[in-house]
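Q: Take this structure first; my questions come after.
Readers should treat all values here as calculations from the given coordinates under stated rules, not as data from a laboratory. Just so we're clear, the structure is a prediction, and the values are computed from it rather than from any experiment. Using ideal geometry, Cβ is built from the backbone for each residue, glycine included, and neighbour counts are taken over all protein chains shown.
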Amino acid sequence: MGLFLALAGAVALGVAWWVEHVLHIMPCELCLVERWPWRVLILIGLVDILLPGAAGGPVLWLCVPTLLASVGLAFCHAGVEWGWWQSPLPGCHAPHITGTTMAERLASMPLLPSKPCDAPTYLLPGLPLSMSVMGGLYAAAVLGVFGVWRYRASHTARRIFY
């Protein structure tokens, strides 16, 4: 299961890397935050691979809150994209340009423009699911696979002892 979790996290981050560096689609600030649970998932998987049974087995359960956090972040981002609420991150809002002269205004602008969090990125033509929604569905699917695996593992253990 550790290998599965590590690979699932690597796939999610690999897709994000591909979209950013190959397709040249700039991520917004919420997109960058949504990558953190996948990094944690890779770490959980690696701990299970390196310490099977000892510390790895109980550590696997940390994937549940990690994946729930990923689903929650995706829901938050989807709500911003759909206009249900404002983004909680200041980088997702329009920059506040201040100053009375043109030089002061240029100096107050951010060095790198950021993509607004309410502008969804659609990867598949004709599929009305943004990357954030697809990430949340992917996290829910990984969580479902973990749940099925734990359910089967517990029933297998019961059959051995009974």
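Q: Could you list Tyr138, Tyr151 in order of exposure, starting from the residue whose Cβ has the fewest other Cβ atoms within 10 Å?
A: So the residues, fewest neighbours to most, are Tyr151, Tyr138.
Q: If I take R0 = 35 Å and measure r between the Cβ atoms of Leu137 and Ile49 in this structure, what FRET efficiency does the formula 1/(1 + (r/R0)^6) give, to the nearest 0.05?
A: Between Leu137 and Ile49 the formula returns 0.85.
Q: Counting other Cβ atoms within 10 Å of each Cβ, which GluC sites (Glu not before Pro) in segment 1-88 have at most 10 and sit in a DSSP loop?
A: none
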